[in-house]
There are 2 protein chains.
Amino acid sequence: MDIQLAEPPLYLKLADRLSAAIASGALVPGGRLPSVRQCAREQSVSVSTVVQAYRHLEDARLIEARPKSGYFVAAAPLRKLQEPDTSAPPTESVAVDIGSLSERVMQLAVDPAYISFGAACPAPELFPQERLRRAFSRAALRHRAQLCQYPLVPGEDSLRRAVARRALAMGCTLDPRDIVLTNGCNDAVGLCLQAVTKPGDIVALESPTSFGFLQVLEALHLRALEIPTHPRHGLSVDALSLALSTQPVRAVLAVPTLANPIGASMPLAERKRLAQLLAQHQVPLIEDAIYNDLAERDEHRRAVKSFDTEGLVMLCSSFSKTVAPGLRVGWVEAGRWTTPLRRLKTALSGGHTSITELVMADLLMQRGYEPQLRRLRQVLARHVDEARGLIGESFPRGTRVTDPQGGMMLWVELPPALDSLALFKACLDERIVIAPGTMFSATDRYRHCIRLSVGGPWGDVQRQALRRVGQLAQVLLRARLPLAA
Amino acid sequence: MDIQLAEPPLYLKLADRLSAAIASGALVPGGRLPSVRQCAREQSVSVSTVVQAYRHLEDARLIEARPKSGYFVAAAPLRKLQEPDTSAPPTESVAVDIGSLSERVMQLAVDPAYISFGAACPAPELFPQERLRRAFSRAALRHRAQLCQYPLVPGEDSLRRAVARRALAMGCTLDPRDIVLTNGCNDAVGLCLQAVTKPGDIVALESPTSFGFLQVLEALHLRALEIPTHPRHGLSVDALSLALSTQPVRAVLAVPTLANPIGASMPLAERKRLAQLLAQHQVPLIEDAIYNDLAERDEHRRAVKSFDTEGLVMLCSSFSKTVAPGLRVGWVEAGRWTTPLRRLKTALSGGHTSITELVMADLLMQRGYEPQLRRLRQVLARHVDEARGLIGESFPRGTRVTDPQGGMMLWVELPPALDSLALFKACLDERIVIAPGTMFSATDRYRHCIRLSVGGPWGDVQRQALRRVGQLAQVLLRARLPLAA
């Protein structure tokens, strides 16, 4: 019963071997790869497996197809950066105890005295501030009577209709009446967990996972079962399948698109498999789709819920990463738990200020939303690419980093001797905020990892600070070496 | 172990006997009462007990002091209305299951197609709508950068400082750093319960109690222990003392001022006794002070927390009843649970839109707040007085009604044969919303009671509707009689 035995599909394993060969220099930049048929023969796999593997490497910009010539290794980046391996969390569930560390990181991340790679949120400058302000004044004028009336759960009709329209892009046809508006995505996830679990229950989630998730599990006295997660393809459905067969998992909590902090997005076929697996075991999935609009590829925007025929998927999202973090407008469609969820929301906190919901509805209905999203994705992709280059230049040898297909987060795996808490403290002394890996697991497994968010302001100050993080890591590692010897 | 044996202090018992004598006609309007010394002799109590009893009857406008002449029974109201007795809930805790009834009442209460006595909230017209709108536009202009930044728990400094200043009127000196802003008072109460209880724990509360409290206990799988509550003097501290000695009560949840639905306000001495009792048993009190600003008398505005020397009282409130229900700005100072509460808030929902918090801070800092409160109290007192008169005229014989010292709620005890659910349905057919008594207890004890909120719009339509409620009750009772015979 070792969950680490569970493995990703064949084509992903092949892609991993090929990317390792590229990283190691066995396949040189510009060099030709074996033809699809030849590779299939050599590796004893089917032709379609090779086609899938090559397509993945192409998506990862590691190889390129040249018409009528075949596949070639892409031009080398500044330094070859390897991606981390699939995570290998322990196979037992553990009680969660994330201390004051994450609270501190969140406070510092918005403190203007610090250069922050801490907050998983785009910089204020990337949002349409003036348009927001106008929408606010307009809503307060038009709907001022609402200021003097108790808002009821599930929230403003107009926004629930706008949410249902946006959900079409995720492949979901939602009934606006089933949507409940919440205080950001956090609130939605917490309510879903309360609807389907009791204290002491086991919840399966990605590893590493969002520290917000660990905090909510801790608050609700739930146990976390961390599931192996591939840095590119996300939650291992095979490993989850094994877990569901062997342990009393009451709910799965996952971010299939641009998972925080690892940045992985599950391939379409895996999303479908996940929905089937849930149906087979009749286990609910709480799907956090907060980053779906930031994915570069359409297939990653499609929700697992779109494959759910049994009402088992509770889809949660918010507009905090794409329209306005300060509005704190989230939502949930809780499938077969729609009524209990609405009751829980009423009992535990009640409705939210109608004005902010009306402002959000107004903004979503404007033409500017899609172009704004495209611009945001482009800017974030530029930050991510540049940051990867800088990490390649300045971080210690042996450092691995993810190559996310969208969003703003990089997961950096440093040499095992590095203590990310020590690095966190060393960075703080220089007024730089990073998120140490210990924040992203109930175990101590990611002590040598850090998460860097590069959605914030981006300029020479940040570039210099990022190089400095690398230098500090080098210093810490050198300091460790004599002790280890 | 019969909690009903526990009794209110002597002077309250004396006041009750005297008010019963007045209600029965034994003491006629305009008639002179025995002198203080004479009464003390007759009743075998101390002089100071009589002084306290007379003072209470004076506050209740049942008797009046004439300088140098003594005490006289006040001029008769339209019909003598008796107040209900101290409640006598069962002595066992019960699991809570409040169904969809309260959800329905809340929806109908804000439906303009209905004449509503359902919502425990003043009418929108009673709030300074235009001032609110201007504050909103101003805040959105001044603080527009906040729209694009994640707000953090515990919320905006300026509002926490304003809350601390307001808390002085409750006799509390709070450190703004210990105050956490919430989504209304509901959210605050739910977080407090989660900080100090686990599912299955027993929570003591008033009987009857707010259906919102019953909903939150249900959501958190807690058990309700309903404590006898006097319609004028509130929670019986003696009964609570017995309960704390005999049952594993993990927390007390109470509204010492203008308790919903019964409208009682605890006398100052009882507040102090309650704080001492909590200290003795080391049990936390979640004190809901949402109506304190609506109390007519200063001593009722003083919080139990002001007597708390051990950090056992978690003080919760909001501005939904006094400034703007639509803003949903609440707060909590959680005493010794300040840190766990802040963590819970972060984990379960996170911060709220800064703009609404800044609007509230702006409004509280303006000079207009106190005069607005005074006007609101006057208007509500007029509604309450008029409604009591109408109930005296049109409700069945034997009806009792509370005489709250502030606020907008009347608790009406109809003859035991009346089924308030049947009355609720009969009223709905005529587009009138009342709150049936079954909503206010986990037991079926208040089936013959209703809560009427008269804070809403007030005019001939409402007066006529209130008379109609009385007529419908008469009709229902007549229909029951032949069956009972």
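The values are calculated or read from the model by the stated rules, or taken from the named source; none is laboratory data. Quick caveat, the model's predicted, so the values are computed rather than measured. Cβ coordinates were reconstructed from backbone atoms using ideal geometry, including for glycine residues, and neighbour counts include every protein chain displayed.
Counting just the residues of the range A:310-328 that are hydrophobic (A, V, I, L, M, F, W, C) and within 19 Å of B:Thr346 (Cα to Cα), which one comes out surrounded by the fewest Cβ atoms within 10 Å (Cβ to Cβ)?
A:Phe319
Is at least one residue of the range B:203-216 among the charged types (D, E, K, R), at pLDDT 95 or above, in a strand (DSSP E or B) and under 15 Å from the mean Cα position of the chain (by Cα)?
Within the range B:203-216, one or more residues are among the charged types (D, E, K, R), at pLDDT 95 or above, in a strand (DSSP E or B) and under 15 Å from the mean Cα position of the chain (by Cα).
List the pairs whose first member sits in the range A:280-308 and is outside the structural domain of A:Thr338 (by TED's automatic domain parsing), whose second member is among the hydroxyl-bearing types (Ser, Thr, Tyr), and whose Cβ atoms are under 8 Å apart, counting only residues at least 6 apart or on separate chains?
none
Please enumerate the residues belonging to the range B:292-325 that are of a type in the set (Phe, Trp, Tyr) and under 26 Å from B:Ala109 (Cα atoms).
B:Phe319, the sole residue that qualifies.
Within the range B:263-299, work out how many residues are of a type outside the set (D, E, K, R), within 19 Å of B:Ser320 (Cα to Cα) and buried (at least 22 other Cβ atoms within 10 Å of the Cβ).
7
Could we say that B:Gln378 is farther than 18 Å from B:Val105 by Cβ, under 24 Å from the mean Cα position of the chain (by Cα) and without any contact (Cβ under 8 Å) to a residue 12 or more places away in the chain here?
Taking the combined requirement at face value, the residue satisfies it.
Considering the range B:331-371 alone, what residues qualify as being more than 9 Å from chain A (Cβ to nearest Cβ) and in contact with a Gly (Cβ under 6 Å, 6 or more places away or on another chain)?
Once the filter is applied, which keeps residues that are more than 9 Å from chain A (Cβ to nearest Cβ) and in contact with a Gly (Cβ under 6 Å, 6 or more places away or on another chain), the range B:331-371 yields B:Gly335, B:Arg336, B:Glu357.
I'm trying to understand the selection: among the residues of the range B:121-148, which are in a loop (DSSP other than H, G, I, E, B) and either in contact with a Phe, Trp or Tyr (Cβ under 9 Å, 6 or more places away or on another chain) or hydroxyl-bearing (Ser, Thr, Tyr) (or both)?
Of everything in the range B:121-148, those that are in a loop (DSSP other than H, G, I, E, B) and either in contact with a Phe, Trp or Tyr (Cβ under 9 Å, 6 or more places away or on another chain) or hydroxyl-bearing (Ser, Thr, Tyr) (or both) turn out to be B:Cys121, B:Ala123.
Which of the numbered conditions does A:Thr309 fail, given that it passes all the others? Conditions: (1) away from every other protein chain (no Cβ under 13 Å); (2) touching a strand residue (DSSP E or B) at 6+ places or on another chain (Cβ under 7 Å); (3) β-branched (Val, Ile, Thr).
(2)
Can you tell me which residues in the range B:204-225 are under 20 Å from B:Cys449 (Cβ atoms) and at the interface with another protein chain (Cβ under 8 Å from one of its Cβ atoms)?
Answer for the range B:204-225, where residues must be under 20 Å from B:Cys449 (Cβ atoms) and at the interface with another protein chain (Cβ under 8 Å from one of its Cβ atoms): B:Gly212, B:Gln215.
Looking only at the range B:113-153, how many residues end up being crowded, with 22+ Cβ neighbours inside 10 Å, more than 7 Å from chain A (Cβ to nearest Cβ) and of a type outside the set (A, V, I, L, M)?
4
Against the definition (at pLDDT 95 or above and crowded, with 19+ Cβ neighbours inside 10 Å), how does A:Ser453 come out, yes or no?
Yes: the conditions hold for A:Ser453.
Could you list, in sequence order, all residues of the range B:280-328 that are within 16 Å of the chain's Cα centre (by Cα), modelled with pLDDT of 95 or more and either among the small types (Gly, Ala, Ser) or on the phi > 0 side of the Ramachandran plot (or both)?
Listed by number, the residues that qualify are B:Ala289, B:Ala295, B:Ala303, B:Ser317, B:Ser318.
Which residue is surrounded by the fewest Cβ atoms within 10 Å (Cβ to Cβ), if the candidates are limited to the range B:165-202 and must be of a type in the set (A, V, I, L, M) and part of a strand (DSSP E or B)?
My answer is B:Ile202.
All but one of (1) in a loop (DSSP other than H, G, I, E, B); (2) surrounded by fewer than 22 Cβ atoms within 10 Å (Cβ to Cβ) hold for B:Leu418, so report the exception by its number.
For B:Leu418, the failing item is (2).
Return yes when A:Glu83 is at pLDDT below 80, of a type in the set (Asp, Glu) and closer than 30 Å to A:Ile434 by Cβ and no when it is not.
Answer is no for this residue.
Checking A:Gly184 against (1) in contact with a strand residue (DSSP E or B) (Cβ under 9 Å, 6 or more places away or on another chain); (2) more than 16 Å from A:Val255 (Cβ to Cβ); (3) within 11 Å of chain B (Cβ to nearest Cβ), only one condition comes out false. Which one?
Only one criterion in (1) in contact with a strand residue (DSSP E or B) (Cβ under 9 Å, 6 or more places away or on another chain); (2) more than 16 Å from A:Val255 (Cβ to Cβ); (3) within 11 Å of chain B (Cβ to nearest Cβ) is unmet by A:Gly184, namely (2).
Suppose we filter the range B:258-295 for residues that are touching a Gly at 6+ places or on another chain (Cβ under 6 Å) and in a helix (DSSP H, G or I); how many remain?
Summing the residues that are touching a Gly at 6+ places or on another chain (Cβ under 6 Å) and in a helix (DSSP H, G or I) in the range B:258-295 gives 1.
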